[in-house]
Amino acid sequence: MFSIFKSDPLKKLNKRYEAKLELAMHAQRNGDIKGYAMITAEAEEIAVEIKALEIAASS
C-alpha cells in the first residue's frame, strides 16, 4: 500500500554515480590526476552495483 514512499535504490545509485563522474571531471580539469583516478575508481564501483541491481531486477 505504501510502496510509493519507498525509495528506488537504482535511482539513488544512478544519482551517486553521476555525482562522482562530475567530481572526477572537475578534478581532472584542475590537474588533480591522482584525485581523478580515485574518484573514477569509486564511480566504477558504483557502476558495478548498478549492474548487479539491474540484473537482479530483470530476473
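Here are the numbers for this structure:
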| quantity | calculated |
| --- | --- |
| Surface share of carbon and sulfur [accessible, 1.4 angstrom probe, percent] for the chain | 60 percent |
| Loop-located chymotrypsin sites (Phe, Trp or Tyr not before Pro) in the chain whose Cβ has at most 10 other Cβ within 10 Å (DSSP) | Phe2 |
| Low-density loop cleavage sites - trypsin sites (Lys or Arg not before Pro) in region 1-30, where at most 11 other Cβ are within 10 Å (DSSP) | Lys6 |
| Dipole of the chain [Lys/Arg +1, Asp/Glu -1 at C-beta], most positive-end residue of Ile55, Ile39, Asn14 | Asn14 |
| Within straight-line cross-link reach of Lys6, lysines at Cα separation under 30 Å, skipping those fewer than 8 residues along the same chain | Lys15, Lys20, Lys51 |
| Nearest 10 degrees, 0 to 90: helix 9-29 Cα axis against the chain principal axis | 10 degrees |
| Proximal charge balance of Glu54 [Cβ under 13 Å; K/R count +1, D/E count -1] | 0 |
| Among (1) 53; (2) 65; (3) 76, the entry derived from the coordinates for percent of Cα pairs over 13 Å apart | (2) |
| Spin-label proximity, Leu10 to region 44-59 - amide N less than 16 Å from point 7 Å beyond Cα toward beta carbon | 47-59 |
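The values are calculated or read from the model by the stated rules, or taken from the named source; none is laboratory data. Owing to the predicted nature of the structure, the values given are computational and were not obtained by experimental measurement. We place every Cβ from the backbone using ideal geometry, glycine too, and count neighbours over all the protein chains shown. Keep in mind that these areas ignore ligands, DNA and RNA; they rest on the heavy atoms of the full protein, side chains included. Shrake-Rupley method; radii C 1.70, N 1.55, O 1.52, S 1.80 Å.
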